[in-house]
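J.: This structure is in structure tokens; I'll ask about it shortly.
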């Protein structure tokens with residue numbers, strides 16, 4: 001599912017979104033869950049979800065504990081990297097059937113209070129938005145990904161009009177595709 005920040009899915013952990021999809025895939029394909037060799041899922045904002053969110057999604061999605069799972073964090077490319085790793089494991093003969101993809105719920109990313117484990121002696125303490133810090137900030141240059149976009153616009157000479165045209169066309173294509181039923185097999189009711 002795709003939603004808006006703070007919207008209908010704000011109280012649903014990413015692993016529950018993943019589990020819903022896994023359960024749906026098993027039902028739709030008729031696969032025996034024990035036939036799945038491995039689960040590889042991309043997930044960036046893992047703070048507070050528990051160990052290995054991919055494994056949580058797999059088990060909550062109905063897979064037996066004998067099916068291994070691991071979580072990939074390659075920021076925005078996490079889901080795509082998961083699919084690439086699944087493909088690679090199949091091509092090399094390591095696996096036959098792999099469930100791969102990505103799951104995220106930015107609304108669930110917690111606020112952090114660094115250096116608070118052993119308490120504070122005095123002074124003010126700040127909260128850190130894990131969504132911004134772990135997901136949207138370039139750790140080497142200390143700027144938001146929005147600034148990265150602005151830097152690319154400048155580097156490649158992309159006009160605001162070109163950006164807006166691309167965005168509108170993309171949105172129109174998505175709406176048209178959904179209205180034409182092209183996403184029906186990809187949307188869990």
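J.: Looking at (1) surrounded by 13 or more Cβ atoms within 10 Å (Cβ to Cβ); (2) more than 13 Å from the chain's Cα centre (by Cα), which one does residue 8 not meet, given that it meets all the others?
T.: Only one criterion in (1) surrounded by 13 or more Cβ atoms within 10 Å (Cβ to Cβ); (2) more than 13 Å from the chain's Cα centre (by Cα) is unmet by residue 8, namely (1).
J.: Which pairs turn up if I take residues in the range 140-169 that are closer than 29 Å to residue 129 by Cα and look for partners that are modelled with pLDDT of 95 or more and part of a loop (DSSP other than H, G, I, E, B) with beta carbon separation below 7 Å, at least 6 apart in sequence or on another chain?
T.: Pairs that qualify, where the first residue is closer than 29 Å to residue 129 by Cα and the partner is modelled with pLDDT of 95 or more and part of a loop (DSSP other than H, G, I, E, B), are 144/136; 145/136.
J.: Right, residue 142: exposed (fewer than 10 other Cβ atoms within 10 Å of the Cβ) and either more than 30 Å from residue 116 (Cβ to Cβ) or out of contact with any strand residue (DSSP E or B) (no Cβ under 9 Å at 6 or more places or on another chain) (or both) or not?
T.: Yes.
J.: Of the numbered conditions (1) buried (at least 21 other Cβ atoms within 10 Å of the Cβ); (2) farther than 21 Å from residue 130 by Cβ, residue 20 fails exactly one; give the number of that condition.
T.: Answer for residue 20: the failing condition is (1).
J.: If you don't mind, there's one more thing I want to ask. How many of the residues in the range 119-132 are over 11 Å from residue 44 (Cα atoms) and surrounded by 13 or more Cβ atoms within 10 Å (Cβ to Cβ)?
T.: Step one: filter the range 119-132 for residues over 11 Å from residue 44 (Cα atoms), giving 119-129, 132.
Now narrow it down to the ones that are surrounded by 13 or more Cβ atoms within 10 Å (Cβ to Cβ): 128-129, 132.
Matching residues across the range 119-132 total 3.
J.: Looking at the range 94-110, which of its residues are within 28 Å of residue 6 (Cα to Cα) and out of contact with any helix residue (DSSP H, G or I) (no Cβ under 7 Å at 6 or more places or on another chain)?
T.: The one that is within 28 Å of residue 6 (Cα to Cα) and out of contact with any helix residue (DSSP H, G or I) (no Cβ under 7 Å at 6 or more places or on another chain): 107.
J.: Further question: So residue 169 fits all but one of (1) within 30 Å of residue 61 (Cα to Cα); (2) at pLDDT 95 or above; (3) surrounded by 10 or more Cβ atoms within 10 Å (Cβ to Cβ); what number is the exception?
T.: Answer for residue 169: the failing condition is (1).
The values are calculated or read from the model by the stated rules, or taken from the named source; none is laboratory data. Everything numeric here is computed off the predicted structure, so don't read it as measured data. Don't worry about glycine lacking a Cβ; one is built from the backbone with ideal geometry, like all the others, and counts go over all protein chains shown.
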